[in-house]
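A quick write-up on the structure given underneath.
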Amino acid sequence: MGAEENIQTVKDIYAAFSRGDINTILDRLADDVVWDHNSTASHNVPYYTTCRGRNDVRRTFFGPLAEATEVTRFEQHDFVGSGDVVVVRYSADVAAKRTGRSYLVRGVHWWTFAPDGKVASYQGLDDTAPIVEAWRG
């Protein structure tokens, strides 16, 4: 697949996320996808984790994200693609349900594609300071 097709797949994934359609997202992932969202951050944020495989992504990332947060705005600002990589700068307004605190997330998502057009790996890199502060209880 080329960069333009991969960019469109990422746009489709974000559109599905905005609709709450997790199954469509999972369908775009390779069976053995590696999903890493700020797993090295020092935190108690439940969805900052590394997942391996679609079922793990559903259970360990999307499940806790839906249970623990309310996303009121999610915007993508840039899509840059080259070969099998797509990088997206984004921002979101989120609230931590446990603490009731809201925070602005700014970061980058790094998507890598397998030759069949499925997402082989995802890495989410956020500005963690406001997030970790909102989760402090």
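Considering only residues in segment 1-32 that are surrounded by 13 or more Cβ atoms within 10 Å (Cβ to Cβ) and basic (Lys, Arg), the one that is farthest from residue 87 (Cα to Cα) turns out to be 28.
Residue under question is residue 66, and the condition is that it be under 20 Å from residue 134 (Cβ atoms), part of a helix (DSSP H, G or I), at pLDDT below 95 and among the small types (Gly, Ala, Ser); does it hold?
On the way: under 20 Å from residue 134 (Cβ atoms): yes; part of a helix (DSSP H, G or I): yes; at pLDDT below 95: yes; among the small types (Gly, Ala, Ser): yes.
Yes.
Any residue that is of a type outside the set (S, T, N, Q) and over 23 Å from residue 113 (Cα atoms) - is there at least one of those in segment 83-92? Working first, answer last.
Of the residues in segment 83-92, the ones of a type outside the set (S, T, N, Q) are 83-90, 92.
Add one more test, that the residue is over 23 Å from residue 113 (Cα atoms), and what stays is 92.
Yes, some residue in segment 83-92 is of a type outside the set (S, T, N, Q) and over 23 Å from residue 113 (Cα atoms).
Determine whether residue 59 is in a strand (DSSP E or B), charged (D, E, K, R), under 25 Å from residue 116 (Cα atoms) and under 15 Å from the mean Cα position of the chain (by Cα). Talk me through it step by step, then tell me what you get.
Numbers: in a strand (DSSP E or B): no; charged (D, E, K, R): yes; under 25 Å from residue 116 (Cα atoms): yes; under 15 Å from the mean Cα position of the chain (by Cα): yes.
Considered against the rule, which asks whether it is in a strand (DSSP E or B), charged (D, E, K, R), under 25 Å from residue 116 (Cα atoms) and under 15 Å from the mean Cα position of the chain (by Cα), residue 59 comes out as no.
Tell me which residues, restricted to segment 67-84, are in contact (Cβ under 8 Å) with a residue 40 or more places away in the chain, out of contact with any Asp or Glu (no Cβ under 9 Å at 6 or more places or on another chain) and among the hydrophobic types (A, V, I, L, M, F, W, C).
Narrowing segment 67-84 to residues in contact (Cβ under 8 Å) with a residue 40 or more places away in the chain: 74, 76, 79, 81-84.
Now narrow it down to the ones that are out of contact with any Asp or Glu (no Cβ under 9 Å at 6 or more places or on another chain): 76, 79, 82-84.
Once the filter is applied, which keeps residues that are in contact (Cβ under 8 Å) with a residue 40 or more places away in the chain, out of contact with any Asp or Glu (no Cβ under 9 Å at 6 or more places or on another chain) and among the hydrophobic types (A, V, I, L, M, F, W, C), segment 67-84 yields only 79.
Looking across segment 30-74, the residues that are basic (Lys, Arg) and over 17 Å from residue 108 (Cα atoms) come down to 52, 54, 58, 59.
Considering 45, 105, 71, which residue is assigned to a strand (DSSP E or B) and over 12 Å from the mean Cα position of the chain (by Cα)? Give the steps one after another, and end with the answer.
On the way: 45 fails: assigned to a strand (DSSP E or B); 105 fails: over 12 Å from the mean Cα position of the chain (by Cα).
Result: 71 is the single residue among 45, 105, 71 that is assigned to a strand (DSSP E or B) and over 12 Å from the mean Cα position of the chain (by Cα).
Scanning segment 1-42 for residues that are small (Gly, Ala, Ser), assigned to a helix (DSSP H, G or I) and out of contact with any strand residue (DSSP E or B) (no Cβ under 8 Å at 6 or more places or on another chain) returns 15, 16. Of the residues making up segment 33-56, just one is surrounded by 16 or more Cβ atoms within 10 Å (Cβ to Cβ) and of a type in the set (Lys, Arg), namely 54.
Please state which one of 134, 120, 95 is outside any strand (DSSP E or B), touching a residue at least 12 places away in the same chain (Cβ under 8 Å), of a type in the set (Gly, Ala, Ser) and surrounded by 15 or more Cβ atoms within 10 Å (Cβ to Cβ).
On the way: 120 fails: outside any strand (DSSP E or B); 95 fails: outside any strand (DSSP E or B).
The conditions single out 134.
With the condition kept exactly as written, say whether any residue in segment 57-64 is crowded, with 16+ Cβ neighbours inside 10 Å and closer than 23 Å to residue 1 by Cβ. So that I can check it myself, show each step before the final result.
Start the filter on segment 57-64 by keeping residues that are crowded, with 16+ Cβ neighbours inside 10 Å, which leaves 57-58, 60-62.
This time we only want the ones that are closer than 23 Å to residue 1 by Cβ, so: 57.
Checking segment 57-64: at least one residue is crowded, with 16+ Cβ neighbours inside 10 Å and closer than 23 Å to residue 1 by Cβ.
The values are calculated or read from the model by the stated rules, or taken from the named source; none is laboratory data. All values reported here derive from a predicted model rather than from experimental measurement. Cβ atoms come from the backbone with ideal geometry, glycine included; neighbour counts cover every protein chain shown.
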